[in-house]
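Working notes, beginning with the structure itself.
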Amino acid sequence: MKIQDKMKQDWDRRAQIDPYYWVAATQEADLESYENSAQIDCEAFLKGFLKIKDLEWSEQVAKTLFQDQVLLDLGSGIGRMTAPLASYFKKAIGVDVSEQMIIKAKSLHETIENLSFYSNSGTDLSMVEPASVDVVCSYSVLAHLPIDVTESYFLEVGKILKPQGYFRYQFWVSSTANHPNDQDSLSIHVYDEDHFERLISQAGLKVISREEIDYFDPVLQIKPLWITAQKVAEPQGIAHVDREIKDSAISEEEIMLEYDLILYLAQKYQERGENAEAERVLSEAIQLEPNRPEAYLHWTSLRLALDDLTGTTTILEELTTKCPTCTEGWLYLAQVFQASEQPFKALESLEKCDKLLKKEQKALVQSKGQWSDEELTQQQERLLSIDTHRLSLLKMAQKDALKKRKR
Ligand SMILES: C[S@@+](CC[C@H](N)C(=O)[O-])C[C@H]1O[C@@H](n2cnc3c(N)ncnc32)[C@H](O)[C@@H]1O
């Protein structure tokens, strides 16, 4: 598979799960926070320009500044920023590798006349005439791309900008580089100062300003930046990415990150009482990682809350087939069998649960030194709670099995 196809496939999948969530990444994961985020990010984008020109911020001043200009939003998603920004520019163009994002963007904003959206290859901007764009915007895109793709886009931006045109984009820069796997499409790349400078100068750009964005990433331990660069020369080089990657090259970190983000989204849907959406999202998580137990367990709690024993049993049977070593899976399966008056099946599941529990207890003792005190206590408490639950179910199931036998 080509790297372009991988990016397209990844972002189409995310767009189909919930495009609003994947583009805005707000903590609340709802429409209101999506709209707020658009307003905040568009204002920050526009204010940066006014500051460079020593102008006081007002919508009217911004409109006057850009009214004859063309904007291109690189990695526009569903037009979260492109659509509100279009009202400031003569013409706005959104470009995105994901056809699903573009289909949604077009349907959401079809009434805005000076706005158009295009899906692209994922590495070039060949649908745009050279030297035809005044301003390029790119938010939360470039740092997620493989390095060669980002390098390619810088050259492309240098090509499509008019002389003295501006590129304002969000990026991560630090004294030390931090790059994830180079076929990932979600994890963040942090560029070191030298590489950052090289990207800019090869594209014929010059940095005019850089401002910290008010978000501290707890993992990377830095804040992202808004960078404004101006075209001062022609780009040195031609953009070209032609890289094959193996289907199996998707990194474990990337899948875990995506999986956890999907579970978070399901949780948010459930909190809002949108259970059907929560279940749809959980089934997507299962498709992505059929051998991880978390999504099944989450789904189990959701179905149990709806008193649906049959549905819960189906989910748990699938869980224990796909993840036969999930101790909780067997425990919950025993619980639903017991609740649906099938004590013999409950006893079978409890036996499996007991064997796994003993294995886990032994492994915990052997690996004690590898855990922090807090982790160790957490694991011990988890195993103890499973065991207590198991024993009380065992008593009930044995009693009921005996009664059934007597009959
Ligand atoms: C986190 S979203 C941000 C979307 C938008 N900029 C916003 O702020 O609402 C990242 C977007 O970049 C797009 N994208 C990812 N890789 C791309 C590529 N190689 N070329 C163009 N777009 C890409 C994705 O499809 C997705 O819509």
Out of 216, 154, 45, a Gaussian network model of the chain with alpha-carbon springs under 10 Å gives the largest mean-square fluctuation to 216
The long-range amide H neighbours of residue 118, using H built 1.01 Å from N in the peptide plane and a cut-off of under 5 Å, are 94, 95, 96
Helix 252-271: angle to the longest alpha-carbon principal axis of the chain, degrees 0 to 90, nearest 10? 80 degrees
For helix 31-52, report the angle its Cα long axis makes with the longest principal axis of the Cα atoms of the chain; keep it between 0 and 90° and round to the nearest 10°. 30 degrees
Could you order the peptides 393-406, 73-86, 106-119, 129-142 from most to least packed, using the average number of other C-beta atoms within 10 Å per residue? 73-86, 129-142, 106-119, 393-406
Less than 14 Å Cβ to Cβ from residue 395, Lys/Arg counted +1 and Asp/Glu -1: what total charge do the surrounding residues give? 0
What residues have an amide H closer than 5 Å to that of residue 165, excluding those fewer than 5 places away on the same chain, when H is modeled at 1.01 Å from N in the peptide plane? 231
Could you sort out which of 51/206; 53/231; 47/206; 63/159; 345/404; 106/206 sit more than 22 Å apart by Cα distance in this structure? 63/159; 106/206
Pseudo-spin-label distance residue 305 to residue 2, built 7 Å along Cα→Cβ, given in nm, is 4.5 nm
Amide H neighbours of residue 245 under 5 Å, counting only residues 5+ apart in sequence or on other chains, H built in-plane at 1.01 Å? 2, 3
Using θ = phi - 60° and the Karplus relation 6.51 cos²θ - 1.76 cosθ + 1.60, list the HN-Hα couplings for the stretch 132-147 in order, rounded to whole Hz, with x at every Gly or Pro. 10, 10, 8, 9, 10, 10, 8, 10, 6, 10, 4, 6, 8, 8, x, 4
Using only Cα atoms, tell me the angle between helix 193-202 and the longest principal axis of the chain; keep it within 0 to 90° and round to the nearest 10. 50 degrees
For residue 223, which aspartates and glutamates qualify as cross-link partners when the Cα separation must be under 20 Å and same-chain residues fewer than eight apart are set aside? 41, 43, 192, 193, 194, 197, 211, 212, 214
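Counting other C-beta atoms within 10 Å, and keeping those with at most 11, which DSSP coil trypsin sites (Lys or Arg not before Pro) do you find in the stretch 9-72?
Sparse-neighbourhood loop trypsin sites (Lys or Arg not before Pro): 53.
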Quickly work out the residue 31-to-residue 238 label distance, labels modelled 7 Å from Cα along the C-beta direction, and quote it in nm with one decimal. 4.8 nm
Highest-fluctuation residue, 49, 344, 89 considered, GNM on the chain with Cα pairs under 10 Å: 344
For residue 364 and residue 382 in one chain, what is 0.36 nm times their gap in residues minus the Cα-Cα distance, to one decimal in nm? 5.3 nm
Shape of the stretch 3-231, Cα gyration tensor, a/c cut at 1.5: rounded
On a full-extension model of 0.36 nm per residue, what is the gain between residue 321 and residue 289, subtracting their alpha-carbon distance, rounded to one decimal in nm? 10.1 nm
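Once the other residues with Cβ under 10 Å from the Cβ of residue 164 are scored (Lys, Arg +1; Asp, Glu -1), what is the net sum?
+1
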At a 10 Å Cβ-Cβ cut-off, how would you order 22, 371, 226, fewest neighbours first? 371, 226, 22
Computed helical MRE - 222 nm, the chain, DSSP H runs ≥ 4 contributing -39500 (n - 2.57), nearest 500: -17500 deg cm²/dmol
Chain lengthening between residue 246 and residue 175 when straightened (0.36 nm per residue, less Cα-Cα): 22.4 nm
Taking the chain as a whole, which cysteines find no other cysteine Cβ under 4.7 angstrom from their Cβ? 42, 137, 353
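We did not get these values from a lab; they are worked out from the coordinates using the rules stated. All values reported here derive from a predicted model rather than from experimental measurement. Here Cβ is always computed from backbone atoms with ideal geometry, including for glycine, and neighbour counts include all displayed protein chains.
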